[in-house]
Structure formats: C-alpha cells, structure tokens
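Engineer: Take this structure first; my questions come after.
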Amino acid sequence: MCTVCFCGVVEDEQATCLTMCLCYSSASEDLGCRRGDFSRKHYGSVELLISSDADGAIQRAGRFRVENGSSDETSDYTPGTWRRTDVHLENPEYHTRWFFKYFLGKVHQNYVGTDAEKNPFYLSVVLSDQNNQRVPQYRAILWRKTGTLKISLPYSPNKTLSVKSILSAMNMDRFEKGPREILNPEIQKDLLVLEEQEGSVNFKFGVLYAKDGQLTDDEMFSNEVGSENFDKFLNLLGDAITLQGWAGYRGGLDTKNDTTGIKSIYTVYQGHELMFHVSTMLPYSKENKQQVERKRHIGNDIVTIVFQEGDDASSSFKPSMIRSHFTHIFALVRYNSQNDSYRLKIFSEESVPLFGPPLPSPPVFTDHQEFRDFLLVKLINGEKATLETPTFAQKRQRTLDMLIRSLYQDLMPDMHKVPIKSTDVFLSFVGWTHCLALKLKTIVRGDAPTSLVTTGLYRKEPWESQSFCSTFPYEIVCADSWGQSFLVSTDTAGVMLLDGETLPPVQVFDKTMVVKQMHVLEPQDLLITRADKGKDARLYVFRLSALKRGLEERQLVRSKCDCRENKLEKTKGCHLYSINTHHGSELRIVAAIRNKLLLITRKHPRFEGPSAAATGTDSPVEEFQYIREICLCDPPVVMALVDGPTGENDNMICVAYKHQFDLINESTGDAYRLHHVDANRVNFVAAIDVYEDGEAGLLLCYNYICYYKKVCPFNGSTPMIQSNTSDFHFSWNQMPNAIVCAFPYILAFTTDSIEIRLVVNGNLVYTAVVPELQLAASRSDIYFVSSAPVSSASNCSSRDTSSQSSPQTPTGYEMPMFPSPLGDGEAACKHIFKIPLCNLVGRSIERPLKSPLVNKVLTAPASVMVPPTPLISATHSLSLSRMEIKEIASRTRKELLGDTTDSTQPDSTVALCYFELESYLSVRYRLGSESTEADLDVQLHCSTSSEVEPEKVLLRAESPPVASAFSLTTSFEEDVLDLK
C-alpha cells in the first residue's frame, strides 16, 4: 500500500504515485476562500470617551478608535508558530526615500515645469539597478504641491524613453510650460529637502507615568519618581543616556545646559533613532502644579505611552484626561507582576488612518522582547499614520507648495533654456563631489535611511518562498495547484503535472491542447480550462478523478480530439471566463464571447472526493446548464463574480472595459457604473472580490492604482454604488501584471519585483527583486516563475555577499543571481517558486527552502573566528561617540575636497574611498548604537594611483539575526551603471 496517501498502490509503483496521488482535501480551498475575507474590526472601533474628575463632573470628551484586541480572534496557536499578527514597519524609509537612495550622488537628471494650472513641478529621473540585482529600470519622482508621486518603468536597451512619456505615465499630459532640464548641481540639496517633508527618519515619543487612581493630567505629570515596575519598563524601551554632550538624535531636548533634565531614554530600531520624553526624567517643579515644562515636551509629542499602575479592575486611563491638541495616539501599558506580562491598549484619534500591527487577542505579552518589538513598531507606524490626518497633511501640503514655489522663483532667472527632446534622458552628470559631500553630511547628521540593523526579534517573514522546480524548460502560459502538485500549461509541450524537484514532469494533455486559462477545483472534482484562441476557443470541463485514474493506469496522453466530449456548449469563441471564488453551494461560470456574457451554473453539486466518479461518465458536461445571455457595449478585459448576501437574485458581475468598471446584475442584466478611470491610457489588471465582515467589496486594479470599493445591497437586488467612508485607494510603485490577495497582504507581481502591501491601508511592507518575474498560479498557494536561480549563501564569500548591496541599499533577503547571457540555441530553464498561502494568512509553518526571498546569511572571513550567537535580541547599550564619526568625516571631506580632485570629473579612487566611508558611517553609526561593546576597525586609504585595492570595513558586533563578523566592500564600477 502506498505510504503517501494509502490509495492501494503497490510498493514498486510508489515513485509514480508520488506524482499522481492528488489527495482531495479542502484545506487549501478553505485557505483560498479566506483570502477574500477580512475585517477592520481587528483595528478597533471608534468610541466617544468622556473623562470626569473625582466628583464625577465631566471635564472633556473625544472620539477615539480603541484597540484592545479582537474578541473573535482565534488563539489556537502554539509556541513557535506564527500568530496572525505580523509585526512590520509600514512604508519603511529604505523602500520609500528614493531620492537619497537612488538619485543623490548617482547619474540622473532633474527637470522643472508648470502644469496646466500654472503650478510648478519637479521631475527627477534615474536609470538604476534594483538593489544591484542587474535588473535596470527607470525610477521617476514627481514633486507637486499635492504631494510626491514615485513610479518605476521597465528599461529596454532598444527603446528610448522621453520625459514627456514618463510624465504621461504619471497622468500628466498638459503643461503650461514644458519640462526643462536643470543643470545646477545645487538643486539636489533642495530636492533632498523636499523629500524630507515626507517625515522625519527619527522619532520622539512621550512616556507618562500614572499611579493607580490618578484621573487628571496634573496628577500624572506631578509624579516626581516612578515605581520599580516603571523603571523596568524604561529599561526595556532603551538605554539611559546623559543629555549633556549627547551627539545623537536629541528629540528637542537640551544637550548643553541640562534645562530639560539630566538623563533620558534613547534607542535605535531598524535604523530609526528614538528619543523618549519620560515624565519623571523631565524637570519637576513643586511650585508649578501643572508642570508646564513636562507638558511642553510630552504634550507636543504625536504619540505618548501611558504606563499606568494597578490591575485591570482599577480605573482606566482615557485620552480625554490629557489636555493636548497635538497628541493623537496613546499607548496604555499595564504590567502584571503575577505572571510577569504586559497588557497593551491603543487609543487613536478618530481621524488617524488605520495602522498596524493589529493587537493580538488577548493583547497580553509574556515575552518582553516580543512586546518591545511590537510596541516600537506600533508607535512608529502610528506617528507615520498621523501625518496623513487632515491637520498634518494640510500643513505639509502648504509647506511643500511654499518650498516648490520658492525654489522655482530662484531657478527660473538663471536656468538654461534647454528645450525638451524626445530622447534626452541620462545625458548629463553634474556635481559629483558636491553630491557625495551632501550625502555624507546627511548620514553623519543621522537623517539617512541607510541601515536595517536592529535589536528587534529575529522573525521568519511570511512571504518567504520555497524552490519548487529549478529546471523547467518551457514557457508557462497558465497553471494551478492540484494537491501538492502543480498543473502547468506550456507554450509548446501541452499540459504537464509537476511534483517539485523529486520526479520528472508527467504529461496530461499533448501540445494539440493549447490551454490559455485553467482552474483546479478539488472539492468539486473539476478541472475547468479555456483552450485554443480566436473563433476556435472553447471551455472544457474534466473530472479530476478521471484524469488521476488515467495517470495511474498510464493511459495515453490526451489530445484535443480526445476532449470532444468535454466541451461546454455555446462557449465557442470565448476569450475570457471567470468563476465565483466562494462556490460552496453553487458553482457559477461567466464566459465572455466578444461583447456577450454567458452565465453557466452547475446543476447538482457532486459528492466531494476521489470516489465521486465511481458512478456516471468521465465527462461532467451534462451537469452544467446555460442560464442566460447578457450583452455589453464592448468586450470585457477583466471580470469578477461577486456573491450577494442572500444568493437569490443579488449576485453580480464586475466587468472592465474602455475606461470604466461596471457592475451587472446576473438576474436582470442591468448595468451600473462602478468606477470611471480618468486617464488617457488604461491598463486593466484585475477586479478582485473581497468580503469585509460579510459585505461584498471589490479591489479594482488598473495602471498604478488599486481602488477598494464597497458594494452595498439595496432593495434585495439593486447595488447601491456611492462614495463610502470605507473606500480607499493607493498606488503601486511599478505597474503590476497581476495582483494577489493573501490577507492581510496584497501582492503586486511586476516584470521584475514583488511589491507587498497591507490590504487595510495600502501601506508598503516590502519589495522583493525577482528578475523576469511571472505569476503562475494563486488560487491556493502562490507559484511564480523567474529566470534567475537562487545563489547558495554557503558558497558566497564575504566579498560576494557585500557586493550584492550598495551602502545605500541594504538588503535583508537572499535574492536571485541574474544568469549569464545564453549562447546561440541554448534554452533558458525556468525556476518555479512557491509561497505557501498558510504562511501569509497566519498559520504555522516550517522553515522554507532556499528562495529569492529568504534571509541572507552573511559569512565571516576565514581569518576571523566568531562563536555562534543564539537567536535572541541583543542588548542595546551605547558605545559609539558621534563626535568620532564627525572627526573621521571631516578628515575625509578635506581629502576629497581639498586635494587635487576635479569637482566635475572625480577620480574613481576618491569616489571609491568615499563610498567606503559612507558604508562605514551608515552601518557603524546604526550598529554601534545598538551593539554590545561593538569593536569596529576601519582602514580608509585615499591614493592617487589608478590601481587601488578596495579596502574593507570590518565590523565585529552582536546583532540579530546573524551575529558574525563580515566585511563590506563596494566597487565604484558596481555602484554606478555604465549608461552608455
């Protein structure tokens, strides 16, 4: 008997059975359905909070969103498995601060112009290499008074890209004055200031100590000292530093005359400097009952932690107790000495957008380092979200508009009148040494998002993928998962069944069956395909059990002629079809034949499982019935089926064509305008049906935009389509080819990257570089194809490892190595990777295999022996003087700018030395602030010789996730592309 699935196959056929045993389990289908269900209730609900004094008199009231953990959250996880709450910094600066990372000090061009409303704008364009993965692409930043827009465009060596075409991709086609190139290198300093308006890299948070029973802010601010538990909490947050002479980020505190206290709490988290304004450490005055000096700092912090003594039954803190028009978020922390745990509760002002991570249920943390990790991420994300509220957004817009107009007035009198050309991208390179000095100054100042080194916990990321097949020789047209196997339609070899690396592919259909679209429905024992093209295209339906039986019995491979009985009638000429994702009660299919929709349903749901075909014929065609025909004005490009709340005459079809998304009632055929696309060119990507707390909604994806629209039923059948407070939209950095929802994430698959965001707010979490990327399947587990194999971390030397990331582009994940050019007649093998859906939606996982997205291992040089360090968070004592950094930077700046270096044609040796110093400063400054007794040795030599060996910067420190010595080397030729 087969030990794999106990199907009765004899022992000598087990190798074949590994490929053919396709167990009918609904687990993957259940997970697939869960992708369409999410709830914003995990992020709390808005409540009216009223505070009163000791006599019961009402003092103040306010509306706040209260997060206290979801009451319906499952808590069946065990230690060592994933929780559904994943901790991520949202919109991390090392992914969002493009100008500093990709433009400053690199070959790029800047332009200025005025739009149709006579408002000035600036455009910066660069041809960059994505994280040095040999994937060149254009990056463009558009600065306008309404904000900043960033996009990536694919690079083609045979096609030039004009500035106007870039602006057209940003939906700017009309100008009052066309863009002109700016040749003054000083503009880069001004553009860096514009980018810094997005928000500070460093943060200051208030920490207010409240005794049990205290109900007013005067009482809380008047606590002269804290308790032992409060001191323990402060020690968990960061390090106690002496303010006088402090050279790091000071967060508005006095570091010269001790007017704001003697000590404070400071730490560094993922490259961000954090200063805490602790109430008991700020100056105390017995004569001033309101403690104005303390309120001056904490009251002007956007986010404040309130540490309250007492148990949960005692009087709880309310945000309305604090008189502040500036503080928008309060984090209430309680310590339970009985079980040594912390409880967290978050209050956010009503106008603050949703931000993660959502609190677990119950919001109790017994692991203190896990609590610190969660709290710091929640605070940072909260402050970033607050900057998007109307109060701060309007101020920032006014500031940005003022800066842009002032810069425009300064530039126009002296600017060269160079007319725009259709191909004038990347022809000039100005102010190299000036840019390097500016970049170094930003790093020394501590405002550069250049490091990912952290004292946070080491975690496996949920999007880590597994290598499924590394030697597939065919182009993949479409695919879907079948049990643990993978059903693939190829361009020249028919349809094959893959079972990973262990066994060779098994052919299911020959090359006469050209399948363009497919769905594997295991619980329904169905395979649905769309084969051929043009007028010959049709829908075919097969029983999975019949296909499986044919494979087990080693029957002949099916051809197109063998599938005549599997054709669905009236589907000739079908160019697109869609099925409902939640098909537990009834399977619905909509086939598009030019501008006509054909609605088909299945008559009788069959018994689920491999024995479903014990009775009846091999073809399930007779089980399907034609319902009705719906005519449209144009052929649809994208379709999605939306389930109504009752399923009776309220099911709908979303179609995209021309410049619009329409919603069509399946029963009546009536069409309603859902969304109009205001753009000259529209690239429809997807319409995904999602269900928030049971109510239907749609994610409409086109161009760079993803728009969430809730569809509310009205009078049983007519959808109510209007603006809703829950509607929102966000933009991708690169135009996606496919979109996948795996809640809480939404993934965009572009030509060379996977962009990962959160569904509830569209905030960026991570961008992974995957050359020549193609999404293959996503109904259950996510399969994607790349031309680049995975490099073995164990075989990489420290030099090879460091060369994969520039000093400005730290990478935390293993990425594919781009293959060498192929010879004539040599075929490139495709590499198939798999992201288990259970990882993304929050189920327990095992350690994945090597893949493009796994954590990078930094290997130590052979000459340095470092003992292994357990995967625990490092302590965060301070051992680095910023004055030492400034002294080294000053000496290097003098060597760069004071010697015989030409400011317009920098010597490669000097540039190399400068990049070495930049790498050293960015990593040493961040790492030194977090490491335990970090010993950093630097050897920097500037030589005028043309043959200079790149020096290595050696760092020895304890820092998770990998505690080892490693070297950072950067080549000038690698960091700057040869654009010619």
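The values are calculated or read from the model by the stated rules, or taken from the named source; none is laboratory data. From a predicted model like this one, the values you see are computed outputs, not experimental measurements. Every residue, glycine among them, receives a Cβ derived from its backbone with ideal geometry; neighbour counts consider all protein chains shown. Protein only, heavy atoms only, side chains kept; ligands, DNA and RNA dropped before computing areas. Shrake-Rupley method; radii C 1.70, N 1.55, O 1.52, S 1.80 Å.
Okay, residues lined up against (1) more than 22 Å from V477 (Cα to Cα); (2) free of Cβ contacts under 8 Å to residues at least 60 places away in the same chain; (3) not in a strand (DSSP E or B):
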site: K511; (1), (2), (3): no, yes, yes
site: H519; (1), (2), (3): no, no, no
site: Q524; (1), (2), (3): yes, no, yes
site: Y540; (1), (2), (3): no, yes, no
site: A546; (1), (2), (3): yes, no, yes
site: G550; (1), (2), (3): yes, yes, yes
site: C574; (1), (2), (3): no, yes, yes
site: S578; (1), (2), (3): no, no, no
site: H582; (1), (2), (3): yes, no, yes
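Engineer: I've got another one for you. Condition first: in a loop (DSSP other than H, G, I, E, B) and modelled with pLDDT of 90 or more. Now tell me which residues in segment 558-572 satisfy that. Give the derivation first.
Structural biologist: Restricting attention to segment 558-572, the residues satisfying the condition of being in a loop (DSSP other than H, G, I, E, B) are 559-560, 568-572.
Within segment 558-572, S559, K560, L568, K570, T571, K572 qualify.
Engineer: Kindly indicate the residue of segment 119-159 that is basic (K, R) and at pLDDT below 90 and also nearest to L400 (Cα to Cα) among those meeting that condition. Steps first, answer last, please.
Structural biologist: The initial filter retains those residues of segment 119-159 that are basic (K, R), namely 134, 139, 144-145, 150, 159.
Next, only the ones that are at pLDDT below 90 stay: 134, 145, 159.
Values: R134: 35, K145: 6, K159: 35 Å.
Within segment 119-159, the match that is nearest to L400 (Cα to Cα) is K145.
Engineer: Can you name the number of the only condition in (1) open to solvent by 50 Å² or more (accessible area, probe 1.4 Å); (2) touching a Ser or Thr at 6+ places or on another chain (Cβ under 9 Å); (3) part of a loop (DSSP other than H, G, I, E, B) that Q369 fails?
Structural biologist: All conditions are met except number (3).
Engineer: Does Q244 meet the test of being touching a Cys at 6+ places or on another chain (Cβ under 7 Å) and either open to solvent by 30 Å² or more (accessible area, probe 1.4 Å) or of a type outside the set (D, E) (or both)? Before the answer, list the steps.
Structural biologist: Values: touching a Cys at 6+ places or on another chain (Cβ under 7 Å): no; either open to solvent by 30 Å² or more (accessible area, probe 1.4 Å) or of a type outside the set (D, E) (or both): yes.
The answer is no for Q244.
Engineer: Filter segment 345-366 down to the residues that are touching a Lys or Arg at 6+ places or on another chain (Cβ under 7 Å) and open to solvent by 20 Å² or more (accessible area, probe 1.4 Å) and list them by number.
Structural biologist: Result: E350, L354, V364.
Engineer: Right, here's the next one. Consider L674 against the criteria (1) at negative phi; (2) surrounded by fewer than 18 Cβ atoms within 10 Å (Cβ to Cβ): it satisfies all of them except one. Which criterion is unmet?
Structural biologist: Failing condition for L674: (2).
Engineer: Quick check on segment 552-588: of everything there that is touching a Gly at 6+ places or on another chain (Cβ under 9 Å) and closer than 30 Å to S667 by Cα, which residue is least open to solvent (accessible area, probe 1.4 Å)?
Structural biologist: So in segment 552-588, the residues touching a Gly at 6+ places or on another chain (Cβ under 9 Å) come out as 556-559, 573, 575, 581-582, 585-586.
Now drop any that are not closer than 30 Å to S667 by Cα, which leaves 573, 575, 581-582, 585-586.
Working: G573: 11, H575: 68, T581: 46, H582: 51, S585: 98, E586: 77 Å².
The extreme case among them is G573.
Engineer: Which of the residues belonging to segment 204-226 are under 23 Å from A385 (Cα atoms) and open to solvent by less than 10 Å² (accessible area, probe 1.4 Å)?
Structural biologist: Keep residues of segment 204-226 that are under 23 Å from A385 (Cα atoms), which gives 204-208.
Listed by number, the residues that qualify are F205, G206, V207, L208.
To keep it simple, each residue is scored yes or no on (1) closer than 22 Å to P283 by Cβ; (2) at pLDDT 85 or above.
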site	(1), (2)
D301	yes, yes
T304	yes, yes
F307	yes, yes
S314	no, no
H325	no, no
R334	no, yes
N339	no, yes
I346	no, yes
E350	no, yes
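Engineer: Further question on the same structure: Among the numbered criteria (1) outside any strand (DSSP E or B); (2) in the same structural domain as L153 (by the TED database), which one does E181 miss?
Structural biologist: In the conditions (1) outside any strand (DSSP E or B); (2) in the same structural domain as L153 (by the TED database), E181 misses (1) alone.
Engineer: Are any of the residues in segment 439-458 at pLDDT below 65, open to solvent by 20 Å² or more (accessible area, probe 1.4 Å) and over 30 Å from the mean Cα position of the chain (by Cα)?
Structural biologist: There is no residue in segment 439-458 that is at pLDDT below 65, open to solvent by 20 Å² or more (accessible area, probe 1.4 Å) and over 30 Å from the mean Cα position of the chain (by Cα).
Engineer: Just to check your reading of the model, which residue among S316, S337, S348 is in contact with a His (Cβ under 8 Å, 6 or more places away or on another chain) and of a type in the set (S, T, Y)? Quick ask: steps written out before the conclusion?
Structural biologist: Details: S316 fails: in contact with a His (Cβ under 8 Å, 6 or more places away or on another chain); S337 fails: in contact with a His (Cβ under 8 Å, 6 or more places away or on another chain).
Only one candidate passes the filter, namely S348.
Engineer: Could you grab me the full set of residues in segment 199-229 that are among the charged types (D, E, K, R) and part of a helix (DSSP H, G or I)? Talk me through it step by step, then tell me what you get.
Structural biologist: The first filter runs over segment 199-229 and keeps only residues among the charged types (D, E, K, R), leaving 204, 211-212, 217-219, 224, 228.
Once the filter is applied, which keeps residues that are among the charged types (D, E, K, R) and part of a helix (DSSP H, G or I), segment 199-229 yields D217, D218, E219, E228.
Engineer: Still on this structure, please answer the following. For a quick check of your reading of the model, give me the residue pairs whose first member lies in segment 101-122 and is under 13 Å from M412 (Cβ atoms), whose second is among the aromatic types (F, W, Y) and open to solvent by 10 Å² or more (accessible area, probe 1.4 Å), with beta-carbon atoms closer than 9 Å and at least 6 apart or on different chains.
Structural biologist: Close Cβ pairs satisfying both conditions: V112/Y408; G113/F175; T114/F175; T114/Y408; P120/Y408; Y122/Y408.
Engineer: Condition first: touching an Asp or Glu at 6+ places or on another chain (Cβ under 7 Å) and either on the phi > 0 side of the Ramachandran plot or at pLDDT below 85 (or both). Now tell me which residues in segment 686-709 satisfy that.
Structural biologist: Selection gives Y691, A696.
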